[in-house]
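The values are calculated or read from the model by the stated rules, or taken from the named source; none is laboratory data. Every value quoted in this text rests on a predicted model; they were computed, and no experiment measured them. Virtual Cβ from ideal backbone geometry, glycine too; neighbours counted across all protein chains shown.
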Amino acid sequence: MAITQDLTAGNETKIMLKLTAPMIIGNLFQQLYNVADTIIVGRFIGPNALAAVGSSFSVMVLLNSIILGLCMGSSAVFSILYGANMIDRLKNSFFVSSCLIGLLTLVINILALVFIDDILLLLNIPQEVIVDTKIYLQIIFYGIIFTSAYNYFAAIMRSMGNTMIPLIFLIISAVVNIVLDIVFIVPFNMGVAGAAYATIIAQAISAIGLAVYCIKKISIIRLKPKHLQFDMKIVKMICNNSILSSIQQSVMNFGILMIQGLVNSFGVSAMAAFAAVVKIESFAYLPEQEFGNAFSIFIAQNHGAKKEGRIRNGIRSALKIITIYGITVSVLIILLARPLMSIFVGAKETKIIQLGIQYLFIVASFYTLIGYLFMFYGLFRGMGKAGISIILTIISLGTRVVLAYTLSSIPSMGLLGIWWAIPIGWALADVMGFYKIKRIK
């Protein structure tokens with residue numbers, strides 16, 4: 001198995017799909033962390049516990065997105081320097097990035113634990129589930145360091161065109177997570193705490209395993225004393241791309257958190273339905289999201305190598321791939337909405353199932369739009385223009401939040417207003433994305 005891959009030569013479509021496939025599979029297994037929690041908690045503990053874990057998911061995604069954004073931004077810089085064959089600068093960027101990500105991870109971890117009660121208040125958690133939600137979140141917060149370590153080393157591997165090794169460690173940890181979920185919750189009767197402990201143990205396995213592999217197998221990340229310095233040019237590149245990517249990711253997920261808080265105000269049934277559809281969606285448009293991340297690596301390497309023709313060809317191929325996939329998955333989700341909801345809750349929970357179906361019929365019809373948006377994020381991040389991604393995110397999330405709060409306050413709309421606000425936000429951001437992409441081309 002080749003440890004690195006040159007993305008600046010060969011058929012653009014084949015290279016992007018080859019790069020994307022392990023990332024999609026890896027993220028599918030990563031989603032199993034949360035889906036295993038949701039199914040087992042919902043079936044063996046009950047609807048209140050399901051609502052608690054579902055609400056916690058939005059907080060976890062927000063905090064993890066900050067770290068993920070830092071790693072994604074750093075990965076784009078790594079790819080640009082790797083594509084340009086600037087090896088000493090690449091090694092220096094590993095050091096600078098590790099310092100930045102390590103420091104900010106520590107700050108996030110401390111703030112999350114200190115302000116956990118304020119987070120619960122922001123989420124409008126109903127009194128009957130607040131205890132379980134707090135227990136779950138407190139344990140999960142202690143695993144943030146493992147999430148950071150895994151994503152940092154995965155960023156290094158992916159920047160050099162290797163998306164297979166991070167996948168292997170995710171598969172191992174996902175299997176461990178599912179087994180521990182069952183053991184901790186069913187025979188040990190540990191409740192939501194058991195689900196949380198299973199998740200952080202699995203995260204630790206993937207993080208430590210990947211770190212050891214990288215240090216032993218990849219000589220390029222072994223640094224010499226000359227690389228352990230803060231070259232201000234590299235510091236600026238890392239900070240600009242990483243921090244802007246982190247802001248983009250966190251703004252995106254903060255908007256989702258606000259939507260979660262609004263949904264929570266409609267009661268436990270709405271919370272449970274939203275928890276289920278979020279899990280369904282995490283699988284449905286996950287390939288589009290990971291394609292956008294792989295596209296970013298492809299763009300960055302070719303941008304570093306100054307191969308603008310390949311970038312243009314890559315954009316055209318990406319648009320075709322996303323359109324075909326988006327239409328296909330939309331049809332499947334709409335046709336399978338009821339059986340998909342039934343995975344998460346029993347047949348007797350008719351209200352929860354109906355609310356979930358209502359959401360999926362509306363939002364799933366527009367998955368091509370979110371696919372284009374992920375592509376734009378990857379394109380601009382790969383070209384070192386992460387600021388444009390922030391603009392697109394603000395348009396998408398700003399519109400979504402404003403419309404959701406406005407429309408849901410109309411008695412005849414309610415939750416329908418929240419559901420319709422989502423694709424409208426995607427559409428408006430896409431309009432801006434296509435405008436920006438024409439100027440690049």
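Would you mind stating whether Gln138 is over 20 Å from the mean Cα position of the chain (by Cα), polar (S, T, N, Q) and either in a helix (DSSP H, G or I) or surrounded by fewer than 16 Cβ atoms within 10 Å (Cβ to Cβ) (or both)? Please lay out each step first, then the result.
Numbers: over 20 Å from the mean Cα position of the chain (by Cα): yes; polar (S, T, N, Q): yes; either in a helix (DSSP H, G or I) or surrounded by fewer than 16 Cβ atoms within 10 Å (Cβ to Cβ) (or both): yes.
When the stated conditions are applied, Gln138 passes them.
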Inset, instruction - Give the residue, chosen from Ile299, Ile343, Ile321, that is crowded, with 24+ Cβ neighbours inside 10 Å, touching a residue at least 12 places away in the same chain (Cβ under 8 Å) and among the β-branched types (Val, Ile, Thr). - result: Ile299
Legend entry - Unmet requirement for Ala421, which otherwise passes all of (1) under 22 Å from Leu319 (Cα atoms); (2) crowded, with 21+ Cβ neighbours inside 10 Å; (3) not hydroxyl-bearing (Ser, Thr, Tyr): (1)
Inset, instruction - Could you give me the residue pairs with C-beta distances under 8 Å whose first residue belongs to the stretch 221-233 and is over 11 Å from Leu90 (Cβ atoms) and among the polar types (S, T, N, Q), whose second residue is modelled with pLDDT of 85 or more and part of a helix (DSSP H, G or I) wherever it lies, and which are 6+ apart or on separate chains? - result: Gln229/Asn92; Gln229/Phe95
Legend entry - Residues located in the stretch 112-131, provided they are surrounded by fewer than 13 Cβ atoms within 10 Å (Cβ to Cβ) and either modelled with pLDDT under 85 or aliphatic (A, V, I, L, M) (or both): Val114, Leu121, Gln127, Glu128
Inset, instruction - Considering only the stretch 257-268, state which residues are modelled with pLDDT of 85 or more and among the hydroxyl-bearing types (Ser, Thr, Tyr). - result: none
Inset, instruction - Assess whether Ile171 counts as being surrounded by fewer than 24 Cβ atoms within 10 Å (Cβ to Cβ), among the β-branched types (Val, Ile, Thr) and in contact (Cβ under 8 Å) with a residue 40 or more places away in the chain. - result: yes
Legend entry - Yes/no for Gly433 being surrounded by fewer than 20 Cβ atoms within 10 Å (Cβ to Cβ), touching a Leu at 6+ places or on another chain (Cβ under 6 Å) and touching a residue at least 40 places away in the same chain (Cβ under 8 Å): no
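Here is a yes/no grid of residues against (1) under 30 Å from Asn241 (Cβ atoms); (2) at pLDDT 85 or above:
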site	(1), (2)
Ser148	yes, yes
Asn162	yes, no
Leu167	yes, yes
Ile172	no, yes
Val186	no, yes
Inset, instruction - Can you confirm whether the stretch 364-387 contains a residue that is among the aliphatic types (A, V, I, L, M), more than 16 Å from Ile299 (Cβ to Cβ) and in contact with a Ser or Thr (Cβ under 6 Å, 6 or more places away or on another chain)? - result: yes
Inset, instruction - For the stretch 302-311, state whether one or more residues are surrounded by 20 or more Cβ atoms within 10 Å (Cβ to Cβ), modelled with pLDDT of 85 or more and among the polar types (S, T, N, Q). - result: yes
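Take Gly194 and tell me if it is of a type in the set (Gly, Ala, Ser), without any contact (Cβ under 8 Å) to a residue 24 or more places away in the chain and part of a helix (DSSP H, G or I). Lay out the reasoning, then the answer.
Working: of a type in the set (Gly, Ala, Ser): yes; without any contact (Cβ under 8 Å) to a residue 24 or more places away in the chain: yes; part of a helix (DSSP H, G or I): yes.
Taking the combined requirement at face value, the residue satisfies it.
Kindly check whether there is at least one residue in the stretch 107-123 that is closer than 30 Å to Lys18 by Cα, in contact with a Gly (Cβ under 8 Å, 6 or more places away or on another chain) and not β-branched (Val, Ile, Thr).
Keep residues of the stretch 107-123 that are closer than 30 Å to Lys18 by Cα, which gives none.
The answer is no; no qualifying residue exists.
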Legend entry - Members of the stretch 82-111 found to be surrounded by 23 or more Cβ atoms within 10 Å (Cβ to Cβ) and closer than 20 Å to Ile200 by Cα, listed by number: Ile101
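Just checking, which of Leu90, Leu121, Leu103, Leu113 is part of a helix (DSSP H, G or I), without any contact (Cβ under 8 Å) to a residue 60 or more places away in the chain, more than 27 Å from Gly194 (Cα to Cα) and of a type in the set (A, V, I, L, M, F, W, C)? Break it down stepwise before answering.
Working: Leu90 fails: without any contact (Cβ under 8 Å) to a residue 60 or more places away in the chain; Leu121 fails: more than 27 Å from Gly194 (Cα to Cα); Leu113 fails: more than 27 Å from Gly194 (Cα to Cα).
Step by step, each of Leu90, Leu121, Leu103, Leu113 is checked, and only Leu103 is part of a helix (DSSP H, G or I), without any contact (Cβ under 8 Å) to a residue 60 or more places away in the chain, more than 27 Å from Gly194 (Cα to Cα) and of a type in the set (A, V, I, L, M, F, W, C).
Within the stretch 269-276, is there a residue that is under 13 Å from Val59 (Cα atoms) and at pLDDT 75 or above?
Yes, there is a match, as at least one residue in the stretch 269-276 is under 13 Å from Val59 (Cα atoms) and at pLDDT 75 or above.
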